[in-house]
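Read the structure below first, then the notes.
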Amino acid sequence: MRKGRKPLVDLRPSVARTTGLEPATSGSTVRYSNQLSYVPTFGAGILATPQEDASACPSNPPSRGPPAASSEQTQDFHPNYGYKSRPPNQDWTADIHPNYSERRMRDYRSGGPVLVCCISPSKHSESLNPPSYGDEELRFPSLAHYHVNLNLGNLDLPDTPSWVLSVDGMAPEGPNLSHWPGNRTPADFKADLSTGICLGFAKAPLDQRLQFLDGATVVVNDHYDTDGFLSLLAVLQPEIALEREELLLEAAATGDYQSFHSQRGFAIDRIVLNLAGERSPIRGEFESLSGSDKDHARYRWLLDHAVEILDHPEQFSSLYQDELDLVEQQLQDPTIACRNLGRCGLARVTSPGPVHRVVLNTLAGSCYRVLHTQSKPGATRYRYHDRTESWFEVQSFSPPPRLDLSILADELAAMEELTRADTGDTGTGGQWCLDPPDEPVPELYHGIPSQQTYGQISRALTPSGLTPDSVETLFTRFFSESS
């Protein structure tokens, strides 16, 4: 306890927080914790991450062929994406990419060894009915009987105290649960995602939570996204969050890492993202708001309707279905191929046209540097990006460190100029452009210089005069020498 501060937490036993919906009780949901493993898995029907040896993983890998179809399941196969089983007449399949089919999780309550848990193929597969969690007593009795006194706050309101709990981001003062760079999260709670960190906090014994809060009664988030919403849910409504732990981690990872984990996880992330958008059936509730007031109102609505969003996302299909269809189509597109370019953690994705960022990152697997080449006759476009995994603080895997790519950008620009001089090509007005490495998703691309909002891909690429092989050689040499 900090000196001079009076405890503001009600230590008396209380009943579970009223939500308007019956709180779920324990059942089949996996209850390990919160670290995501990006180690590829091997086994029947699953392909590994693209091989380091280029000859072993050509741009268009030979198809191993789908298995014989059964009467009960439809098997879809793609050489870069692997198998996915789609039970008939079920919208919510556990459609897990092979690189993400295992979760390496740590139980913070027991402090035990790292456990590996495979996602159940039937998890969250009901399209009409919410998951059933049984009628047993909660496995976390402290949650049912000893809620800490926390309320959602807004940092921009004048009556918000300075000493607050901040999640997924950071307030200037107070306890912090976040995986953002420079966070103040205690070692006992650290995990790959802020949602995982907050789930670990929710599982901790009451006295540990109270000691950590040190009198804080308000919880805030300084931006708006899915990991922020689910972090708030874990600390404000743990009885809802802990019964859906696996699903929360899938949705948070979809948003923060822009990679595909499951249909339901993707849907929830896009519902959060597009809640106030043009297609939203409730957009009118936020039309008069802006800035932090709009963020606060959206969080408040999501917290009040969390069970509906998590268990019945199909009610909001207009907010995600078209994009989900595009992602799944591209993940199975044989014209989109991925190769691992050696031990430097660089993957090269080739395609005849634009590819969704979620698809690029998912195909790249455990490669956290991604070079995308769009090749059409007479017009080749390039865009490189560092994935967010190397920007956030993560625990269960080790992305390569960010590098300043200024030297590489200068080499590409010089080679571009020489090539155009030799061919007499005056170009299309584009140039090689570079972001600083401390951006969440820094890019090196050939196109029109412009700013780009985090989470969006809006920059215009222009054709380059360089050949794909020459660009690949420059990238691989730079990263190999740097490592």
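The values are calculated or read from the model by the stated rules, or taken from the named source; none is laboratory data. Owing to the predicted nature of the structure, the values given are computational and were not obtained by experimental measurement. Cβ atoms come from the backbone with ideal geometry, glycine included; neighbour counts cover every protein chain shown.
Per-structure values
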| quantity | calculated |
| --- | --- |
| Segment 177-195, residues that are touching a residue at least 12 places away in the same chain (Cβ under 8 Å), farther than 21 Å from Ile240 by Cα and part of a helix (DSSP H, G or I) | Asp188 |
| Subset of segment 196-240 [outside any loop (DSSP other than H, G, I, E, B), among the β-branched types (Val, Ile, Thr) and touching a strand residue (DSSP E or B) at 6+ places or on another chain (Cβ under 9 Å)] | Ile197, Val218, Val219, Val220, Val235 |
| Conditions (1) more than 23 Å from Arg387 (Cβ to Cβ); (2) without any contact (Cβ under 8 Å) to a residue 12 or more places away in the chain: number failed by Gly429 | (2) |
| Subset tally (residues that are among the aromatic types (Phe, Trp, Tyr) and surrounded by fewer than 20 Cβ atoms within 10 Å (Cβ to Cβ)) for segment 363-405 | 1 |
| Segment 219-258 - residue that is surrounded by 24 or more Cβ atoms within 10 Å (Cβ to Cβ) and of a type in the set (Phe, Trp, Tyr) and, of those, farthest from the chain's Cα centre (by Cα) | Phe229 |
| Unique residue being under 22 Å from Ile309 (Cα atoms), of a type in the set (Gly, Ala, Ser) and either touching a Pro at 6+ places or on another chain (Cβ under 7 Å) or not assigned by TED's automatic domain parsing to the domain that holds Glu328 (or both) when the list is Ala267, Ala216, Ala241, Ala252 | Ala267 |
| Residue identified as over 22 Å from the mean Cα position of the chain (by Cα) and surrounded by 24 or more Cβ atoms within 10 Å (Cβ to Cβ) among Ala204, Ala216 | Ala216 |
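Results for (1) over 23 Å from Pro440 (Cα atoms); (2) touching a residue at least 40 places away in the same chain (Cβ under 8 Å); (3) among the acidic types (Asp, Glu), shown as yes or no for each residue.
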{"site": "Pro175", "(1), (2), (3)": "yes, yes, no"}
{"site": "Leu199", "(1), (2), (3)": "yes, yes, no"}
{"site": "Phe212", "(1), (2), (3)": "yes, no, no"}
{"site": "Asn221", "(1), (2), (3)": "no, yes, no"}
{"site": "Thr226", "(1), (2), (3)": "no, yes, no"}
